[in-house]
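Colleague: There's a structure below that I have some questions on.
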Amino acid sequence: MMKNTHTSFKRGLTMLELVFVIVILGIVASIASSIIVQLYESYIVQRALHRTSTKAELAATQIVNRLTYRISSSVIGRKLDGTYLPIDQILLNDDYKILEWIAYDNDSFSTQSKPGWSGFCDVNALATTKTNISTPGSNLSDTSTIIGNLGGAIGDAAIIFAGHEYSSTINYIAACMGFSDSTCISPVSAANGTSITITDDNPKVMTDQYKLAWSAYAIVPTEVTGSNLTERGFNSAVYDLALHYNYQPWKGDDYNTTSSNSLLVENVVSFRFTGKGDTIRFKICVAESIGDSNITSCKEKAVIR
């Protein structure tokens with residue numbers, strides 16, 4: 001009788017130990033799974049932060065690189081309905097979403113030891129007239145070749161002289177550089193050696209320095225809608241930001257119908273800009289969906305000349 005009682009006690013103790021082991025293992029497993037979940041959630045958030053930060057930084061860097069070669073008086077902001085203002089009249093919170101400008105041709109100016117166009121005009125040369133510009137130190141045949149290789153043509157180009165005044169009564173402003181009319185920009189009809197021929201003989205203030213431009217640029221947001229928005233995991237507006245290029249406002253072109261374009265970055269939730277003098281500030285914010293929430297990273301840059 002005593003032996004059976006002792007055996008039953010040992011069995012009961014073994015069962016109790018087993019229960020304790022199961023409980024402890026359950027607690028440990030619960031803690032471990034909670035830690036794993038937290039680590040995974042943290043990884044998802046950190047990965048999204050890294051991806052959005054990298055995308056915003058790369059897009060901002062490309063915008064800075066393009067804006068570096070802008071003609072300062074040509075920079076404008078547009079609303080989606082086409083309304084525009086000079087950049088220095090736009091505040092960061094204004095509803096101007098398209099940034100547009102004319103850039104001088106840095107490719108043929110700086111990619112070889114002797115620039116394609118020197119930027120100097122010999123205003124006292126006998127060869128210099130209202131329609132013919134003598135530009136010593138240039139190799140305009142190379143300029144024509146380089147522009148052609150980039151998809152343009154020397155006949156697309158125009159000249160903007162240094163200084164603020166186009167004539168005694170007209171200042172260089174975006175409106176007369178092609179965005180409303182072309183009264184203060186000088187389209188090029190031919191260029192060879194050290195001579196540039198322009199197509200008009202308006203009473204320009206011809207200075208000893210100039211910039212050669214052959215393309216305008218526009219940074220344009222396109223709203224993502226419908227199934228595309230759902231597939232990306234968003235339930236509120238995001239935009240794809242594209243760079244439009246290879247068009248000439250002084251020839252009647254606009255970014256919306258005659259330009260080439262390439263995607264800068266997807267899933268933009270904000271793109272704002274303003275300017276003062278020769279400084280432009282802009283801010284770009286990029287988002288990524290991680291289920292029920294979005295992760296957003298922003299980059300702000302200032303481009304100073």
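All of the numbers you see were taken from the coordinates with simple rules; none came from a lab. Predicted model, so just to flag it, every value in this text is computed and none were measured. Methodologically, a virtual Cβ is constructed for each residue, glycine included, from the backbone with ideal geometry; neighbour enumeration extends over all protein chains shown.
Colleague: What spacing in nm lies between the two simple spin-label points modelled at Ser270 and Leu85, each 7 Å away from Cα in the Cβ direction?
Modeller: Here the answer is 1.8 nm between the modelled labels.
Colleague: On to the next question. Within the stretch 165-274, report the trypsin sites (Lys or Arg not before Pro) that DSSP leaves as loop and that have at most 16 other Cβ atoms within 10 Å.
Modeller: Arg232
Colleague: Once you have a ≥ b ≥ c as the square roots of the Cα gyration tensor eigenvalues for the stretch 103-215, tell me rounded if a/c is under 1.5, and otherwise prolate or oblate according to whether a/b is larger than b/c.
Modeller: Oblate is the answer for the stretch 103-215, as a/c is 1.5 or above yet b/c matches or exceeds a/b.
Colleague: Over 30 Å between C-alpha atoms is what I'm after, so list which of Lys114/Lys301; Lys55/Lys97; Lys251/Lys301 land there.
Modeller: Correct reply: Lys114/Lys301; Lys251/Lys301.
Colleague: Next question. Would you list which aspartates and glutamates come within 15 Å of Lys130, measuring only between C-alpha atoms, while excluding same-chain residues fewer than 8 positions from it?
Modeller: Qualifying aspartates and glutamates at Cα under 15 Å: Asp122, Asp200, Asp201, Asp208.
Colleague: Name the aspartates and glutamates eligible as straight-distance cross-link partners of Lys283: C-alpha to C-alpha under 16 Å, and not fewer than 8 places from it in the same chain.
Modeller: Leaving aside aspartates and glutamates fewer than 8 places away in the same chain, those within reach of Lys283 are Glu57, Asp88, Asp94, Asp95, Glu100, Asp240, Glu266, Glu300.
Colleague: Counting other C-beta atoms within 10 Å, which of Leu264, Leu126 has the fewest, and how do the rest follow?
Modeller: Ordered by Cβ neighbours within 10 Å, fewest first: Leu126, Leu264.
Colleague: Only sites in a loop by DSSP and with at most 13 other Cβ atoms within 10 Å count here; which trypsin sites (Lys or Arg not before Pro) in the stretch 71-139 make the cut?
Modeller: Here the sparse-neighbourhood loop sites are Lys79, Lys130.
Colleague: What's the extension gain from Ser289 to Thr222 if we count 0.36 nm per residue and subtract their Cα-Cα distance?
Modeller: Working it through step by step, the gained length comes to 22.3 nm.
Colleague: Take the alpha carbon atoms of the stretch 229-250, find their center, do the same for the stretch 58-84, and report the distance between the two centers in whole angstrom.
Modeller: Distance between centres, Cα-based: 15 Å.
Colleague: If you don't mind, another one. When N counts the residues of the stretch 132-276, how does its alpha-carbon radius of gyration compare numerically with 2.2 N^0.38 Å, as a ratio?
Modeller: After normalising by residue count via 2.2 N^0.38 Å, the value is 1.32.
Colleague: For Ser189 paired with Thr230, estimate the spin-label separation in nm (one decimal), with each label point 7 Å from Cα along the Cα-to-Cβ line.
Modeller: 5.9 nm
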